[in-house]
Amino acid sequence: MSSREVVLGSIRRSLGVSGREAPRRQAVADRLAHHPRGLVPERGQRPPAERLEVFRQMVEAAAGTVAKLPRAEDVPAAVAAFLRAHNLPMAVRRGDDPRLAGLPWERAGALEVTTGASDGHQLVAVSHAFGGVAETGTLILLSGRDNPTTLNFLPDTHIVVVEARDVAGDYETVLARLREKFGAGEMPRTVNMITGPSRSADIEQMLILGAHGPRRLHVLVVGEA
Amino acid sequence: MGVSATAQPRVGLFVTCLVDFIRPTVGFAAVKLIEQAGCSVEVPRQACCGQPAFNSGDRATTREIAEQVIATFAPYDYVVAPSGSCAGMLKVHYPELFHGDPNWLPRAEAFAAKTHELISFLVDVRGVKRVDAAFAGSVTYHDSCSGLRELGVHAQPRALLASVRGLELAELRDADVCCGFGGTFCVKYPEISATIVGKKVANVAASGAGTLLAGDLGCLMNIAGKLQREGSQVRVRHVAEVLAGMADGASIGEKGEP
Amino acid sequence: MSEIVTSPAFKENARAALADVDLQQALKSVEVNFIAKRRASADKLPEFEALRDAARDIKDHTLAHLDLYLEAYEQRLTAAGGQIHYAVSAEEARAIILGICRKVDAKTVTKGKSMVGEEIAINAHLESHGITPVETDLGEYLIQIRGELPSHIIAPAVHLTKAQIEADFRRVHTHLPADRNLEEHTTLLAEARAVLRERFLAADVGITGANFLVAETGSSIIVTNEGNGDLSQTLPKIHIVLATIEKLVPTLEDASQILRVLARSATGQEMSVYTTISTGPRRPDDPDGPGEYHVVILDNGRSSMLGGDFQDMLRCIRCGACMNHCPVYHAVGGHAYGWVYPGPMGAVLTPSLIGVDKAGHLPNASTFCGRCEAVCPVRIPLPRMMRRWREREFERHLQPATMRYGLAVWAFLAKRPRLYALATSAAAFGLGWLGRAKGRFRSLPLAGGWTRHRDFPAPEQRTFQAQWRGRKRR
C-alpha cells in the first residue's frame, strides 16, 4: 500500500467515513466551486475615496510610505525624487510590465533603468502591483516577466506602483480579480501579499526593518479611485 | 423551581472545602450577604466539589462526587459558592461529566443553571447594587482565573466594593494573571508555582494597597502565604468578608480571631 | 529525534530554567510585549471575536472533510506541475527530502522557518548525509548556530539576550574582523543579513513550511516578516514545502479569514509582512522562481487524532498566543518542555506525537488558568484537552504512586460527607490549635511543596459546617 493510501485510509478510518458519501462530496465540491466569502471587516468595505485613505494609513502603520500621483506619467519623476530624498544611487531595476515600460523614464533625469530579475546586486526595484488591499495596507504582486519575484525581495528599497482603482477594500475582491484573470483554480507561480518592509524582532523582541528583504517600501498610488 | 412558603428563595450554600476547613468566616460572610439579598440559606452536609479528582484525571470518582452533590442540592432554588473555581466546577464542568448520559445530563444541566458564584449571584441574579459595610483603607483585587474566565466575574465585585464606605480600590497590575495556585499544581510543581506567585505579590506590593482581596480561598492562601513568607504587611481577605462588614478580625494567616 | 526529547525531565528542566538569569531576563519581554500587542490589534478590529469563530468553523469543516480536500488539493497541485509526496512518518519525510536533494546533488539547503522541520529533525538528517542546511529565519539561525531547539513557535530565539547573540556571532562568523561593532541590535541584524544573503544565493534547494495548503488552487501559503521564506523558495532550483495534513483549507477565501486572526494573535500585526501564495514551479516564461516544486505532506500521527478527544488540536494555526499568555511558559520558557512544541499547545500536541508516557508532565504543568483558551484564535479548548491527557495517564496508572494513594484516601472521604466532616473537624482542631500562636505555619509535614515557598494559614479550629450546625442547635 502506498503512503498516500495509508494516510488517506487512516484519515477515513478516524473520521468513520469511506470517502464515497455523496453529501460530503457535495459539500466539498460546493465550497470549492463557490468559495463563499466569510466575514469582511467593516474597515474593508468603505467607499472608494475613504478606501484609499484607509490604505494609506495602513501602509504607513506597517512602516511603509505612500505618495499619491494624479497620472502614471508622474511615476518616473516621483521615483527619482524618492531616490534623491533618501540619498540613493539613481538606478532602478524593473520587469517588463507594459504599464512601467511605457512610462516616460527619460523625464527622470539621470535615472538609470534596467530590466529583468534581480541577482542581488540591485539596490532599488520598481514593481507594478496587481492590486492593493485597504484593510491592512497590503500590496498584491504577481510573479512573471512583468514583475519578477526577486525584485520584491533582493533590493534594499522597493518602490511599488499601484493604480488607485485597483486598491480594493478587502482581500476577497482581489481574489475575485485573480480568478477572473487566470481562471478558476488557476494561479501564477507566486502571489506576494506585501504589507510594509521586511522586519525582524528576533533579537530581544526589538523590531528592526530590513531583515532579509527591503528595508524601505514606498508605494505610488496612481490616479483616482 | 420550587417556591418556598415565605416566598424567599432557598439557597443551598456550597461552602467549599477550603472555606469549611481553613476559614469559616468566609462562609458566615456569604450567609450574611445572601440573607441580605432576600434569600434563606441552608447548609446541607457536604464535602467537596470533586476538583482534585477531576484535575487529576480521575473521572469516575469525580462523577460519583458530582452525582452526590447534585442530589444533595436538589431541594434548593439556588446553589451558591463563595469561590469561582468551585462554582465553575459545578456550573461548567459537571454537565461535561455527564455528556451523553440521558439520565444525568438533564439533572446536571438543571443543577448548573441554578448554581452561581457568590458575588455574581448577588449582583446578576439578586440585583444587589450596594452593600451596607464600611472598610477603612485601600484594597486591591485579584481576579481569580475560573471566576473570571469561566463565569465572567469581573465587574460585579468591583461594583459592590465601590459601595463600601471608606474603601479605596487600587487596581492591581496583571490582576487577570494566574497567581500560580492551580490546585494540585502548586504542590506538583512547587518551584514554578512559587515563581508565579512571586510575580503576583510583587504586583500587590506595587499597588500600594494595605489589603488584597479575591473571591477564591485557594488563591488567597497562596498569595497570603507568599506575602507573609516575604515579611509583607499586606493583609489578605476574601472579598465577601469586606462586603459583609466582617473584616475586623485577623486576616488570612494572621494571628488571632478572624 | 528521540535523543533530543527531554520532556520526561520537565521538572529538572524547569528548575534549571528558573535559575537561568539570562533566560529569566529574556522571558520578561514575552510577558509584556506579545500580550500588549495582541490586545491592541484585537481592540482595533471590532470583528475580531466573530473572525475567531469563523476561523474555528473553517478548520472544523476542513477536518471533517479532510480526505476529500486532500484529494482535491493533490489534483490541483499536480495540474499546476507540482509534485506531491505523502509521508506517514517523520522517517519517511526525511527520506523523501533527502532523496530530492540528492537528485540534484545539493550541497546547501536554505530553510524557511518550519516547526514541522523541527518535528522531523530534518537538519540533523541532511547534515549526516553531507548536505548543509542553513536556517534563514533570524531566530532559527540563532538557535541553529547554538545547536538548540526553538523555545517558541514563532520567536524561536526569544530565550536569548543580545549579549549571548553577540558572543555566538563572534564564535561562528570567524571570517569577519574581530574588532567589528556588534553592540547594537541593528548591527547584529545587519551581520546576519549579510552572512545569510550569501547562503541564499548559493543554495541548491530551498525548504519551507506552510501555514496553509489551499485545496481550491493546489497552493501553499507561507507567512513571514523577514522575507527569508521567499528568498528560500525563489532563488534555488528546487522548492520543497514540508507540511502536515491539517494545514489544508478549502479556498483562498477561507485562508483570508484565518489570516485575519493569525498575525493579530501572533505578533499583534494587522497582517504579517509577507504572505506568499505559491503554486507549482516557475512557468515557462518566468525569469525567476524554482524549477521544481515538491510538497511533502506529512501525517506523523495526526490522522489518528481525527474523530477523537484531540481532534480540536488540529485546528491550531501555530500563532503562539497560548504560550505568550501562559504563566507557566513565562516562568520556565520553551526549552523546559523538552521537545519541539512548548507552552499550552505543546502540552496537548506533544503527548499525541511522542506519547504521554514521555510527555506526561506537560499537560500536568498547568494551573488551568484558562488564559490560553481565552486568546486562541481558533478557540481550542486547551485546558480541557490537557485534562483529557491527565485522564489517560490516570487510566494507565502513569502518575506517581504517592499522588494516586493520596487521591484515593481523599476520594474515600469526599464520597462520605459524614466521615469527611469528622476527619476535617479533627484535623482543623489539631492544626488550628498548633497554629493558634502565630496564625500560620512556616513548615508542615507532607506539605513541603507548599511551605518551602510560602506560609500556610492555620485553620480556625472549628470547621464551618461544625460551627453552623452548632449554631442551629442553639
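Only the coordinates and a few stated rules stand behind these numbers; no lab work does. If you're wondering where the values come from, they're calculated on a predicted model, not measured in any experiment. In this analysis, Cβ positions are derived from the backbone assuming ideal geometry, glycine residues included, and neighbour counts consider all displayed protein chains.
Using the Karplus relation 6.51 cos²θ - 1.76 cosθ + 1.60 with θ = phi - 60°, the per-residue 3J(HN,Hα) values for region C:290-301 come to x, x, 10, 10, 10, 10, 9, 9, 9, 9, 6, x Hz, with x marking Gly and Pro. Applying the Karplus relation 6.51 cos²θ - 1.76 cosθ + 1.60 with θ = phi - 60° to region B:84-101 yields 3J(HN,Hα) values of x, 5, 6, 4, x, 4, 5, 8, 9, 8, 4, x, 4, 4, 9, 3, x, 9 Hz, where x marks Gly and Pro. Rounded to the nearest 500, the 222 nm mean residue ellipticity of the protein assembly as shown from helices alone is -12500 deg cm²/dmol, with -39,500 (n - 2.57) taken per DSSP H run of at least 4 residues. Mind checking which of A:N87, A:I140, A:T115 is farthest towards the positive end of chain A's charge dipole, using Cβ charges of +1 (Lys, Arg) and -1 (Asp, Glu) about the Cα centre? Value computed over the given set: A:I140.
Determine one quarter of the surface area of the Cα convex hull of chain B, which equals its mean projected area, and express it in nm² to one decimal.
Values: hull surface 53.2 nm².
Taking a quarter of the hull surface, the average projection is 13.3 nm².
Working from label points 7 Å from Cα in the Cα-to-Cβ sense, the A:A85 to C:E127 distance is 4.7 nm. Kirkwood-type hydrodynamic radius, region A:107-170: 12.7 Å, calculated from all non-identical alpha-carbon pairs. Calculate the FRET efficiency for A:S18 and C:Q75 from the Cβ-Cβ distance with a Förster distance of 30 Å, rounded to the nearest 0.05. About 0.95, to the nearest 0.05.
Taking amide H as placed 1.01 Å from N in the peptide plane, A:G223 has its amide H under 5 Å from the amide H of A:L69, A:R71, A:A164, each at least 5 places away in sequence or on another chain. For the protein assembly as shown, the alpha carbon positions stretch 103, 63, 59 Å along the principal axes, listed from largest to smallest. Along region B:197-203 the Karplus relation, 6.51 cos²θ - 1.76 cosθ + 1.60 evaluated at θ = phi - 60°, assigns HN-Hα couplings of 5, x, 5, 4, 5, 5, 5 Hz to successive residues, with x for each Gly and Pro.
How big is the Cα convex hull of region C:242-282 in projection, averaged over all directions, in nm²?
Values: hull surface 15.6 nm².
Its Cα hull, projected and averaged over all orientations, spans 3.9 nm².
The Cβ shell under 9 Å around B:I223 holds other residues with a net charge of +3, Lys and Arg each +1, Asp and Glu each -1.
Would you work out the relative contact order for region C:176-235, in percent, from Cα pairs under 8 angstrom that are 6 or more residues apart?
Details: 35 pairs, mean separation 16.8, N = 60.
It rounds to 28 percent for region C:176-235.
Are there trypsin sites (Lys or Arg not before Pro) in region C:390-458 that DSSP marks as loop and that have at most 16 other Cβ atoms within 10 Å, and which are they? Don't jump to the answer; show the numbers that get you there.
Working: sites: C:R390, C:R392, C:R396, C:R404, C:K415, C:R418, C:R436, C:K438, C:R440, C:R442, C:R452, C:R454; in loops: C:R396, C:K415, C:R436, C:K438, C:R442, C:R452, C:R454.
Listed in order of number, the matching sites are C:R396, C:R436, C:K438, C:R442, C:R452.
Taking Rh as the Kirkwood radius computed over C-alpha pairs, what is the Stokes-Einstein D of chain A at 25 °C in a medium of viscosity 0.890 mPa s, expressed in µm² per second? Don't jump to the answer; show the numbers that get you there.
On the way: Rh = 19.5 Å.
Rounded, D is 126 µm²/s.
For region C:401-473, what D do you get in µm² per second when you plug the Kirkwood radius from alpha-carbon pairs into Stokes-Einstein at 4 °C and 1.567 mPa s?
Numbers: Rh = 13.7 Å.
Rounded, D is 95 µm²/s.
Projected label points at C:T174 and A:R46, each 7 Å from Cα along the beta carbon direction, are separated by 5.7 nanometres. In straight-distance terms, cross-link reach from B:K188 covers every one of the lysines whose alpha-carbon lies under 28 Å from its own, apart from those fewer than eight places away in the same chain; here that gives B:K91, B:K199, B:K200, B:K226, C:K11, C:K28, C:K358, C:K415, C:K438.
For B:L213, C:L422, B:L151, C:L231, which order do you get if you count the other beta carbons within 10 Å of each Cβ and list the fewest first?
On the way: B:L213 26, C:L422 13, B:L151 23, C:L231 30.
Placing the least packed residue first, the sequence is C:L422, B:L151, B:L213, C:L231.
At the listed q of 0.11, 0.24 Å⁻¹, the Debye profile of region C:152-257, built from one uniform point per Cα, gives log10 I(q)/I(0) equal to -0.49, -1.28.
From the P(r) of chain C, could you give the percentage of C-alpha pairs in the tail past 32 Å? More than 32 Å apart: 47 percent of the Cα pairs in chain C. Averaged over peptide C:402-411, the number of partner chain Cβ atoms lying within 10 Å of each residue's Cβ comes to 4. Extents of region B:130-243, largest first, come to 42, 33, 21 Å (Cα atoms, principal axes, whole angstrom). At q = 0.16, 0.30, 0.33 Å⁻¹, what is the log10 ratio I(q)/I(0) for region C:9-52, with the Debye formula run over Cα points and no solvent? Normalising to I(0) and taking log10 leaves -0.60, -0.99, -1.03.
Give the residue from C:V88, C:I143, C:H185 lying farthest towards the positive end of the charge dipole for region C:2-304; charges sit on Cβ (+1 for Lys and Arg, -1 for Asp and Glu) and the dipole is referred to the Cα centre. Result: C:H185.
Can you compute the FRET efficiency between C:D22 and A:D119 using 1/(1 + (r/R0)^6), with r the Cβ-Cβ distance and R0 = 56 Å? Round to the nearest 0.05. Walk me through the numbers on the way to the answer.
On the way: r = 40 Å, r/R0 = 0.72.
The calculated FRET efficiency here is 0.90.
Electrostatic bookkeeping for C:G147 treats Lys and Arg as +1 and Asp and Glu as -1; over the other residues with beta carbon under 12 Å from its beta carbon, the sum is -2. In a reduced charge model with +1 at each Lys and Arg Cβ and -1 at each Asp and Glu Cβ, region C:2-304 shows a dipole moment near 400 debye about its Cα centre. When restricted to Cα atoms, region C:68-116 yields an Rg and a Dmax of 13.0, 38 Å, respectively.
If you filter region C:64-121 for chymotrypsin sites (Phe, Trp or Tyr not before Pro), then keep DSSP loop positions with at most 12 other Cβ within 10 Å, what is left? Can you show the working numbers first?
Working: sites: C:Y69, C:Y73, C:Y86; in loops: none.
Listed in order of number, the matching sites amount to none.
Using the charge dipole of region B:145-258 (Lys, Arg: +1 at Cβ; Asp, Glu: -1 at Cβ; taken about the Cα centre), state which of B:G210, B:V177, B:L167 has its Cα farthest towards the positive end. The one lying farthest along the dipole's positive direction is B:V177. Residue ranges C:117-130, B:111-124 sort as B:111-124, C:117-130 when ordered by packing (mean number of other C-beta atoms within 10 Å per residue, highest first). The amide H of C:R440, built 1.01 Å from its N in the peptide plane, has C:A458 as neighbours under 5 Å, considering only residues 5 or more places off or on other chains.
Counted over chain C, the DSSP beta bridges are approximately 30% antiparallel. Note on C:441-452: average number of Cβ atoms from other chains within 10 Å of each residue's Cβ is 3. Note on C:A36 and C:T186: with the Förster distance fixed at 22 Å, the Cβ-Cβ geometry gives a FRET efficiency of about 0.45. A Cβ-based charge dipole, computed about the Cα centre of the protein assembly as shown with Lys and Arg at +1 and Asp and Glu at -1, lands at about 3380 debye. Proximity of backbone amide H atoms, modeled 1.01 Å from N, is registered between C:F212 and C:I221 at under 5 Å, excluding neighbours fewer than 5 places apart on the same chain.
What is the dipole size for region C:250-372, taken about its Cα centre, with +1 at each Lys and Arg Cβ and -1 at each Asp and Glu Cβ, in debye to the nearest 20?
Magnitude of the dipole: close to 400 debye.
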